[in-house]
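A.B. asks: I'd like to ask some things about the structure below.
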Amino acid sequence: MKKINIITLFTILLFSISCVKDQEKLFPQDPDTRLSEVLDTYQKELQESTYGWIMTIETKVGGVYRLWIAFTDSYSVEMLCDMDATWHTKAVTSKVVSQSTYRLRAIQTPVLVFDTYNYLHLMADPQGTNSSYGDINGGVNGVGLASDFEFTIDSLKNGKFFLTGRYNKVKAFMSKATMKEEISIKQGALKSVHTKLGNYLADVKFPVLDIDNKLYDVKLGGRSSQVSFMNNDAVESVSVGSYLDLSDYSHDNISNNLLLIDPLKINNLVINSFVFDGSDYFVQIGSNKYYIKDNKKPSIPLNLGYNRDYTQLTIDDSRLQGSMSESFFNNIYLESRQKLFTNGRRHMQYAYIDFIMHPVTYQPVMQLSIRYNNSSGSVFIARWRYKYIINEDKSITFLEREQTGSSNERLQEQYLKSFVDYFCELEYQSYSTSSWNNTIISNTIPKTFIIDWVQNNTQGSIDMLGAFIPINNKNNYCVGILAK
Amino acid sequence: MKKIFILTSLIIMLFTSCTKEDKIPSNTQFLNLGGEPYTDSQTDVWLYDNYVVPYNMEVKYKWDQFELALNRTLVPVYESLVIPIMKTIKGTWIEPYEQVAGSTFIKKMSPKKFILVGSPQYNNGTITLGEAEGGRKIVMYRLNWFSVNDITLIRRIMKTVHHEFGHTMHQTVMYPEEYMYITPQAYTSSWNNVSDMDAMKLGFISSYATASPDEDFVEMLSIIVVYGKEAFDNRVQEATRIYNDPELNGGMKYDPGAALRQKEAILIAYLKQVWNVDLYDPSPGVKGLVSLVQDALNNIEEIVNK
């Protein structure tokens, strides 16, 4: 009994003295004070940049956009942006400075909010495309370009703000503009760097990098860039957000350095930026400089066929001047046109090839359509379908040919025969002008082609061109304008 | 003895146990306690003078995500449009009510918060243009489209305002129950599948009115007020014409025109008896609510540029 009493007493005494009354604070000040201090620092930093800030923001849908932002007092900002969008006062959004408001808020963390509409909101506006109001950013309605105008300030490092959008979680950063940059930006440089790159790309249509005898197609863009290459017979592409450097901008230069949000990694190659040396772009890998050259056509194989990158080829002499092969143009195309003309002055306008699903057999087929008009101007289309196989070496062989059932091809085939036979030749035991089913075929001569890109030599044309190149007569190739 | 011992021990424990002193630090600073600091812009000054002081209404045009749906992409309104929009609302909603019901009416009854949003709110296939929460808060969308020359759009915006205000009125004093029994069968939760023509044939002023008696009541009020008596009369006549035409009738059980007239009569009586508001001109030369709103809409440019 006594023993229990002693234990109880001891325990109670232990409880009484156990409490440690000192509190050591992890931080010297409470969270509100600390947050308030941080906001003050940020506020001061934002306003202290004499020439404003350049914000680089990578939207989720439309790539990188850049804005010039000047924080004029604790609540007001001025902006310019690198596109000309629909704006209610019809201001040129890359040249006319627009005023709005911002604030630094403490929403658990420091937050930068642009709280009245300005150019930054153009990217976030959910009215992507609207017929009655105008296209604001070309994005999807309800989403826009999936951008932000409320940002958590992640850090301020070396005078650079790193931000994360609160709604779409887009990444952005702001760096101080120099005096030179502010001057050129106010003259519209944010947008004219894009125009300059566009002009450069009009001259260099198919930029490629040749690195150690391997070709890489490079799609240079002021919002995102892509490198495509062959990796064991398959095309691989790597994309990254990109933007044009303004630090060495001048009115006269041809283009500017293209900077990347993240380095482009291709196997063991790492591209950090595309540097412009005054006339050409190059990449620096290790100690080597690799220049971008115009390959005149893509280096990756043309992916034309059923359900492929391209499914249509339009053969139209009026849009292909200088690009068609002389042999095909004279012996097939022109001959067909002249012969058809003898049949009541019918005029062949153009032809097109589609890779489609056969409506009966559900096999992919190639369909040749020849469009013509009669002397009174009515338009007709004659169509033939070709069954094909893809050979091991990726060449294509057209095995059989059939008419599609209208009287157009039944009646005009005799005039257009050289064109129709070009892909697969038929000889008839008897030909019926009333029904294809009554026609008896005596001989079929399949033909094999290589499908490849062709250089576009047509002046002023930016179309992508592809061709069927007969394996046994490569000069007699058939060129067309590619479409998806 | 044992009990006393334990009791004594407990008392000792009570007195000597933990006495932590947790003072509130004297220098604590609660961020933005009492609101965020702001320098008033011209817009803020105008809103303060025209909405806060006379009506105690807050107009929020600056972005505040917490006033809105958290899962929708929305953008703020152009600041330059705030004053024209609020002048329009004042001229075509507040002032007509003040004239017919006295200056204190709006002060007592009005919603206390207007939220202005620049873009529409996109839903699955539809867009939202206006919303009200319990008669205290009205959210208006797609205001970046506002143009003083676009009277169609202005009518749409004002219909929303009058509609939501109608809810405030009947939630304060309910309209007579008999209103619910004029077209009781036709109310449906899938109102969005009811075409405007079908709604008319059932005796409704709009498709949305078929949603519930409450919506019906405020649709009657807002559409008559914003689109005028003539437009309403035309709808009534058209409804009756269809009913009387055996080819068009198609098994209608009652005259929808008469139903609309019954609803109108209850609305007129309700407004007069409960709020002393004349919907139509009470006597020649004295203007009722509809005429005042119509006058204001017809002179909207003058009101906005004033």
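Let's see how each residue does on (1) of a type in the set (A, V, I, L, M, F, W, C); (2) in contact with a His (Cβ under 8 Å, 6 or more places away or on another chain); (3) assigned by TED's automatic domain parsing to the domain that holds B:Val226; (4) crowded, with 18+ Cβ neighbours inside 10 Å:
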| residue | (1), (2), (3), (4) |
| --- | --- |
| B:Trp46 | yes, no, no, no |
| B:Glu58 | no, no, no, no |
| B:Tyr61 | no, no, no, yes |
| B:Thr73 | no, no, no, yes |
| B:Ile83 | yes, no, no, no |
| B:Met86 | yes, no, no, yes |
| B:Phe114 | yes, no, no, yes |
| B:Ser119 | no, no, no, yes |
| B:Asn123 | no, no, no, no |
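A.B. asks: Still on this model: I'd like to check something: does the range B:139-149 contain any residue that is buried (at least 16 other Cβ atoms within 10 Å of the Cβ), away from every other protein chain (no Cβ under 14 Å), part of a helix (DSSP H, G or I) and of a type outside the set (Gly, Ala, Ser)? Reasoning before the result, please.
C.D. replies: Here is the first cut: in the range B:139-149, the residues buried (at least 16 other Cβ atoms within 10 Å of the Cβ) are B:139-146, B:148.
With away from every other protein chain (no Cβ under 14 Å) added as a condition, the list becomes B:139-140.
From what's left, part of a helix (DSSP H, G or I): none.
No, because not a single residue in the range B:139-149 is buried (at least 16 other Cβ atoms within 10 Å of the Cβ), away from every other protein chain (no Cβ under 14 Å), part of a helix (DSSP H, G or I) and of a type outside the set (Gly, Ala, Ser).
A.B. asks: Restricting attention to the range B:186-230, report how many residues are open to solvent by 30 Å² or more (accessible area, probe 1.4 Å), in contact with a Ser or Thr (Cβ under 7 Å, 6 or more places away or on another chain) and not in a helix (DSSP H, G or I).
C.D. replies: Within the range B:186-230, residues that are open to solvent by 30 Å² or more (accessible area, probe 1.4 Å), in contact with a Ser or Thr (Cβ under 7 Å, 6 or more places away or on another chain) and not in a helix (DSSP H, G or I) number 4.
A.B. asks: Filter the range A:157-212 for residues that are among the small types (Gly, Ala, Ser) and under 24 Å from A:Ser147 (Cα atoms) and give the result.
C.D. replies: Residues of the range A:157-212 among the small types (Gly, Ala, Ser): A:159, A:165, A:172, A:175, A:177, A:184, A:188-189, A:192, A:198, A:202.
Once the filter is applied, which keeps residues that are among the small types (Gly, Ala, Ser) and under 24 Å from A:Ser147 (Cα atoms), the range A:157-212 yields A:Gly159, A:Gly165, A:Ala172, A:Ser175, A:Ala177, A:Gly188, A:Ala189, A:Ser192.
A.B. asks: Would you mention how many residues in the range B:155-185 are assigned to a loop (DSSP other than H, G, I, E, B) and not polar (S, T, N, Q)?
C.D. replies: Of the range B:155-185, the ones assigned to a loop (DSSP other than H, G, I, E, B) are B:173-176, B:182-183.
Next, only the ones that are not polar (S, T, N, Q) stay: B:173-176, B:182.
Number satisfying all stated conditions: 5.
A.B. asks: List the strands (runs of 3 or more DSSP E) that sit entirely inside the range A:242-298 and contain at least 1 residues that are among the aromatic types (Phe, Trp, Tyr) and either closer than 17 Å to A:Leu190 by Cβ or open to solvent by less than 50 Å² (accessible area, probe 1.4 Å) (or both). So that I can check it myself, show each step before the final result.
C.D. replies: Working: elements: A:258-266, A:269-276, A:281-285, A:288-294.
In the range A:242-298, the matching strands (runs of 3 or more DSSP E) lie at A:269-276, A:281-285, A:288-294.
A.B. asks: Also: Suppose we keep only residues that are away from chain B (no Cβ under 11 Å) and part of a loop (DSSP other than H, G, I, E, B) within the range A:138-173. Which one would you say is most open to solvent (accessible area, probe 1.4 Å)?
C.D. replies: The initial filter retains those residues of the range A:138-173 that are away from chain B (no Cβ under 11 Å), namely A:138, A:151-165, A:169-173.
Filter once more, keeping what is part of a loop (DSSP other than H, G, I, E, B): A:138, A:158-159, A:169-170.
Working: A:Gly138: 52, A:Asn158: 162, A:Gly159: 24, A:Lys169: 114, A:Val170: 1 Å².
Here the answer is A:Asn158.
A.B. asks: Something else about it: Name the residue that is farthest from A:Asn141 (Cα to Cα), counting only residues in the range B:108-140 that are at pLDDT 90 or above and out of contact with any helix residue (DSSP H, G or I) (no Cβ under 9 Å at 6 or more places or on another chain).
C.D. replies: Residue satisfying both the conditions and the ranking: B:Gln121.
A.B. asks: Identify, by number, the condition in (1) touching a residue at least 40 places away in the same chain (Cβ under 8 Å); (2) within 13 Å of another protein chain (Cβ to nearest Cβ); (3) closer than 21 Å to B:Tyr38 by Cβ that A:Thr59 doesn't meet.
C.D. replies: Going through (1) touching a residue at least 40 places away in the same chain (Cβ under 8 Å); (2) within 13 Å of another protein chain (Cβ to nearest Cβ); (3) closer than 21 Å to B:Tyr38 by Cβ one by one, A:Thr59 breaks only (3).
A.B. asks: Okay, moving on. Take the range A:96-137 and flag every residue that is open to solvent by 30 Å² or more (accessible area, probe 1.4 Å), more than 8 Å from chain B (Cβ to nearest Cβ) and among the small types (Gly, Ala, Ser).
C.D. replies: Residues satisfying the conditions are A:Ser131, A:Ser132.
A.B. asks: Separate question: Out of curiosity, is A:Ala85 free of Cβ contacts under 8 Å to residues at least 40 places away in the same chain and within 33 Å of the chain's Cα centre (by Cα)? Working first, answer last.
C.D. replies: Values: free of Cβ contacts under 8 Å to residues at least 40 places away in the same chain: no; within 33 Å of the chain's Cα centre (by Cα): yes.
No.
A.B. asks: Which is closer than 30 Å to A:Ala202 by Cα, touching a helix residue (DSSP H, G or I) at 6+ places or on another chain (Cβ under 6 Å) and either assigned to a loop (DSSP other than H, G, I, E, B) or not basic (Lys, Arg) (or both), of A:Asn475, A:Asn456? Walk me through how you get there before you give the answer.
C.D. replies: Working: A:Asn456 fails: touching a helix residue (DSSP H, G or I) at 6+ places or on another chain (Cβ under 6 Å).
One residue alone meets the criteria, A:Asn475.
A.B. asks: Another question about this same structure. Taking only the range A:361-390 into account, find how many residues are among the small types (Gly, Ala, Ser) and surrounded by 15 or more Cβ atoms within 10 Å (Cβ to Cβ).
C.D. replies: Narrowing the range A:361-390 to residues among the small types (Gly, Ala, Ser): A:369, A:375-378, A:382.
Within this subset, residues satisfying the condition of being surrounded by 15 or more Cβ atoms within 10 Å (Cβ to Cβ) are A:369, A:382.
Residues meeting the conditions: 2.
A.B. asks: Quick one: in the range A:88-115, which of the residues that are closer than 30 Å to A:Arg34 by Cα and among the hydroxyl-bearing types (Ser, Thr, Tyr) is farthest from the chain's Cα centre (by Cα)? Please lay out each step first, then the result.
C.D. replies: Keep residues of the range A:88-115 that are closer than 30 Å to A:Arg34 by Cα, which gives A:100-115.
Among the residues that remain, those that are also among the hydroxyl-bearing types (Ser, Thr, Tyr) are: A:100-102, A:109.
Working: A:Ser100: 32, A:Thr101: 33, A:Tyr102: 32, A:Thr109: 36 Å.
Checked the range A:88-115; the qualifying residue farthest from the chain's Cα centre (by Cα) is A:Thr109.
A.B. asks: Would you please list the contacts, defined by Cβ atoms under 7 Å and residues six or more apart or on different chains, that run from a residue in the range A:392-416 that is in the same structural domain as A:Leu368 (by TED's automatic domain parsing) and closer than 13 Å to A:Arg346 by Cβ to a residue that is aliphatic (A, V, I, L, M) and open to solvent by 30 Å² or more (accessible area, probe 1.4 Å)?
C.D. replies: Final answer for the pair search is A:Asn408/A:Ile381.
A.B. asks: Taking the criterion of being touching a helix residue (DSSP H, G or I) at 6+ places or on another chain (Cβ under 6 Å), of a type outside the set (Lys, Arg) and touching a residue at least 60 places away in the same chain (Cβ under 8 Å), would at least one residue in the range B:262-269 satisfy it? First the steps, then the outcome.
C.D. replies: Pass one, the range B:262-269, residues touching a helix residue (DSSP H, G or I) at 6+ places or on another chain (Cβ under 6 Å): B:263, B:266-267.
Then keep just the ones that are of a type outside the set (Lys, Arg); that gives B:266-267.
Subset that is touching a residue at least 60 places away in the same chain (Cβ under 8 Å): B:266-267.
Yes, the conditions are met somewhere in the range B:262-269.
A.B. asks: Where residues in the range B:247-272 are open to solvent by less than 30 Å² (accessible area, probe 1.4 Å) and under 25 Å from B:Ala101 (Cβ atoms), which of them is farthest from the chain's Cα centre (by Cα)?
C.D. replies: The extreme case among them is B:Leu260.
A.B. asks: Another question about this same structure. From the list A:Phe10, A:Phe15, A:Phe27, exactly one residue is open to solvent by 20 Å² or more (accessible area, probe 1.4 Å), more than 30 Å from A:Gly138 (Cα to Cα) and more than 11 Å from every other protein chain (Cβ to nearest Cβ). Which is it? Explain how you work it out, then say what you get.
C.D. replies: On the way: A:Phe10 fails: more than 11 Å from every other protein chain (Cβ to nearest Cβ); A:Phe15 fails: more than 11 Å from every other protein chain (Cβ to nearest Cβ).
Going through A:Phe10, A:Phe15, A:Phe27 in turn, the sole match is A:Phe27.
A.B. asks: Do we have any residue at all in the range B:236-246 that's part of a loop (DSSP other than H, G, I, E, B), touching a Leu at 6+ places or on another chain (Cβ under 7 Å) and open to solvent by 10 Å² or more (accessible area, probe 1.4 Å)? Steps first, answer last, please.
C.D. replies: Here is the first cut: in the range B:236-246, the ones part of a loop (DSSP other than H, G, I, E, B) are B:245.
With the extra rule that they be touching a Leu at 6+ places or on another chain (Cβ under 7 Å), the set shrinks to none.
No; the residues of the range B:236-246 include none that is part of a loop (DSSP other than H, G, I, E, B), touching a Leu at 6+ places or on another chain (Cβ under 7 Å) and open to solvent by 10 Å² or more (accessible area, probe 1.4 Å).
A.B. asks: If B:Ile224 meets every condition in (1) under 21 Å from B:Tyr179 (Cα atoms); (2) β-branched (Val, Ile, Thr); (3) without any contact (Cβ under 8 Å) to a residue 40 or more places away in the chain apart from one, which number is that one?
C.D. replies: Only one criterion in (1) under 21 Å from B:Tyr179 (Cα atoms); (2) β-branched (Val, Ile, Thr); (3) without any contact (Cβ under 8 Å) to a residue 40 or more places away in the chain is unmet by B:Ile224, namely (3).
A.B. asks: Same structure, new question: For the range A:422-438, how many residues meet the condition of being free of Cβ contacts under 8 Å to residues at least 12 places away in the same chain and open to solvent by less than 60 Å² (accessible area, probe 1.4 Å)?
C.D. replies: 1
A.B. asks: Mind checking which residues of the range A:245-261 are without any contact (Cβ under 8 Å) to a residue 60 or more places away in the chain and farther than 19 Å from A:Leu209 by Cα? Step through it out loud before you land on a result.
C.D. replies: At the first step, the residues of the range A:245-261 found to be without any contact (Cβ under 8 Å) to a residue 60 or more places away in the chain are A:245, A:248, A:252-254, A:257, A:259-260.
Within the range A:245-261, A:Asp245, A:Asp248, A:Asp252, A:Asn253, A:Ile254 meet the criteria.
The values are calculated or read from the model by the stated rules, or taken from the named source; none is laboratory data. Keep in mind that this is a model prediction, so the values were computed, not measured. Heads up, the Cβs are rebuilt from the backbone with ideal geometry, glycines too, and the neighbour counts pull from every protein chain shown. Heavy atoms of the whole protein, side chains included, go into the accessibility calculation; ligands, DNA and RNA do not. Shrake-Rupley method; radii C 1.70, N 1.55, O 1.52, S 1.80 Å.
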